[in-house]
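Comments concern the structure below.
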C-alpha cells in the first residue's frame, strides 16, 4: 500500500502539483482504504469532506422558458468556459493561459466522449453542465449558473436535457457525485443517494 501511495505522490510531484485528492467510495477496496490513507498522511478535504453518490431512474420535471442543448460551436464552448471562470472568481491574468489554449482545447473537446450542455436565455449562455454517456446511463459532471439567472430553472432544465439525451440512447439513468450544495436540489428532482464518497487531500 505504501509503495502505491508513494508512486502516486511522485507522479503528481513530477507534474508540479502542490496537492491532489483521493476519492474513496463505500465500494473501494481494500475496505479500509480510507483509514489507510489517513494513516499515511492524507487529510479530509476541509471544504467538502464527503459527497453523495446519487442516481435518478425516473424522468425529472420539464422546465419551460429555458433552451438547453449540447454545445455546438467554438463561441458556445468559450462562453461555457468563461462562465466557469466567472464563478471561480478568476482574474483576467489567471484566465490568460487557458484562454490562449481555448482553440486547442476545443479541438480536443470534439474528440472525447464528455459533452457540455448549455442553457440559453435570450440567446445567451447562462448555465452549463457536463455529461459522460456510458452503457449503463449518464454521469453528470459539474454544473454552473450565472448568479443573475439563478432561480429560473436553468439547473433543472440542464438535468432534464441530459436525462432526455440518456433516454434517447436507451440508458434512462443519471448518476452524479453531489456536494452539500447540490444534494438537496437533486433530491427534489428525484435523485436518491446510494453511496458515500470521501475526499482526502494529499501532498506530493
Original post:
Which condition breaks for residue 102 when tested against (1) at pLDDT 95 or above; (2) farther than 21 Å from residue 150 by Cβ; (3) surrounded by 14 or more Cβ atoms within 10 Å (Cβ to Cβ)?
Top reply: (1)
Original post:
Would you say residue 162 is within 14 Å of the chain's Cα centre (by Cα) and outside any strand (DSSP E or B)?
Top reply: yes
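Any residue in the range 108-127 that is part of a helix (DSSP H, G or I) and at pLDDT below 95?
Here is the first cut: in the range 108-127, the ones part of a helix (DSSP H, G or I) are 108-109.
Going one step further and asking which of them are at pLDDT below 95, we end up with 108-109.
Taking every residue of the range 108-127 in turn, at least one turns out to be part of a helix (DSSP H, G or I) and at pLDDT below 95.
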Original post:
Can you tell me how many residues in the range 192-203 are surrounded by 16 or more Cβ atoms within 10 Å (Cβ to Cβ) and in contact with a helix residue (DSSP H, G or I) (Cβ under 8 Å, 6 or more places away or on another chain)?
Top reply: 3
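Hey, can you tell me all the residues within the range 6-59 that are part of a helix (DSSP H, G or I) and either touching a strand residue (DSSP E or B) at 6+ places or on another chain (Cβ under 6 Å) or in the same structural domain as residue 159 (by TED's automatic domain parsing) (or both)? Before you say what the answer is, go through the steps one by one.
We begin by selecting, within the range 6-59, every residue part of a helix (DSSP H, G or I); these are 6-14, 33-39.
Across the range 6-59, the qualifying residues are 12, 33, 34, 37.
The values are calculated or read from the model by the stated rules, or taken from the named source; none is laboratory data. This one's a predicted model, so the numbers in the text were calculated from it and none came from an experiment. FYI the Cβ positions are ideal-geometry reconstructions off the backbone, even for glycines, and counts take in every protein chain you see.
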